[in-house]
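Read through the structure below, which is laid out as structure tokens, and then see the notes.
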């Protein structure tokens with residue numbers, strides 16, 4: 001479901017192309033949907049969503065990398081997932097349950113986003129049923145990714161999780177700090193360094 005598009009495309013063009021991979025909108029439906037979005041820029045370390053707030057924002061990432069993370073009672077941070085170009089991002093706890101957001105979403109690089117209010121989108125479900133179908137597709141995809149990650153964390157070792165991470169996010173290591181990757185994998189930065197060193201040694205000369 002994650003598609004990468006030509007970087008020369010404008011954010012709106014990239015969103016339009018992405019939508020075409022998910023659902024067949026009429027020209028009118030497409031125009032109405034795109035009209036809900038406006039472009040914003042967020043700097044590295046800025047937050048898109050903060051825990052305990054009520055956020056109905058939905059964003060399409062044109063460029064940049066974001067992370068979703070939570071803090072435990074001791075203040076330690078744990079990365080839940082990463083978001084990259086051509087993905088939707090939102091505080092899904094509020095969108096799906098109308099409860100307070102339970103995670104933080106932060107930019108790990110400068111980001112260009114197309115942002116909309118999810119409440120506006122849902123208000124158009126009756127008039128445009130395909131909007132609801134699209135929201136369901138996105139929710140099902142997020143659930144599948146969440147379930148896959150939870151299973152991986154308890155059934156495979158860190159070295160294999162790192163291999164999967166490299167396959168799914170081949171460019172991220174060059175864009176973000178290693179401790180973010182270690183947190184995502186559920187290991188320490190020292191353990192990640194050891195795994196990377198072992199993999200380098202195993203490569204053919």
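The values are calculated or read from the model by the stated rules, or taken from the named source; none is laboratory data. If you're wondering where the values come from, they're calculated on a predicted model, not measured in any experiment. Cβ: placed from backbone, ideal geometry, glycine included. Neighbour counts: every protein chain shown.
Would you check if there is a residue in region 122-130 being under 21 Å from the mean Cα position of the chain (by Cα) and over 21 Å from residue 50 (Cα atoms)?
Yes, there is a match, as at least one residue in region 122-130 is under 21 Å from the mean Cα position of the chain (by Cα) and over 21 Å from residue 50 (Cα atoms).
Can you find a residue that is surrounded by fewer than 16 Cβ atoms within 10 Å (Cβ to Cβ) and in contact (Cβ under 8 Å) with a residue 40 or more places away in the chain anywhere in region 56-65?
No, every residue in region 56-65 fails to be surrounded by fewer than 16 Cβ atoms within 10 Å (Cβ to Cβ) and in contact (Cβ under 8 Å) with a residue 40 or more places away in the chain.
Those residues that are outside any helix (DSSP H, G or I) and closer than 23 Å to residue 44 by Cβ, I need them from region 158-193; list them, please.
Of everything in region 158-193, those that are outside any helix (DSSP H, G or I) and closer than 23 Å to residue 44 by Cβ turn out to be 169, 170, 171, 175, 176, 177.
I'd like the full set of residues that are loosely packed, with under 13 Cβ neighbours inside 10 Å and under 26 Å from residue 106 (Cβ atoms), limited to region 20-45.
Within region 20-45, 38, 43, 45 meet the criteria.
Conditions tested, residue by residue: (1) closer than 22 Å to residue 107 by Cα; (2) loosely packed, with under 12 Cβ neighbours inside 10 Å; (3) in contact with a helix residue (DSSP H, G or I) (Cβ under 8 Å, 6 or more places away or on another chain).
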| site | (1), (2), (3) |
| --- | --- |
| 117 | yes, no, no |
| 122 | no, no, yes |
| 133 | no, no, no |
| 136 | no, yes, no |
| 146 | yes, no, no |
| 150 | no, yes, no |
| 155 | no, yes, no |
| 174 | yes, yes, no |
| 177 | yes, yes, no |
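Can you name the residue in region 91-112 that is at pLDDT 95 or above and in contact with a helix residue (DSSP H, G or I) (Cβ under 8 Å, 6 or more places away or on another chain) and, of all such residues, is nearest to residue 79 (Cα to Cα)?
So the residue we want is 108.
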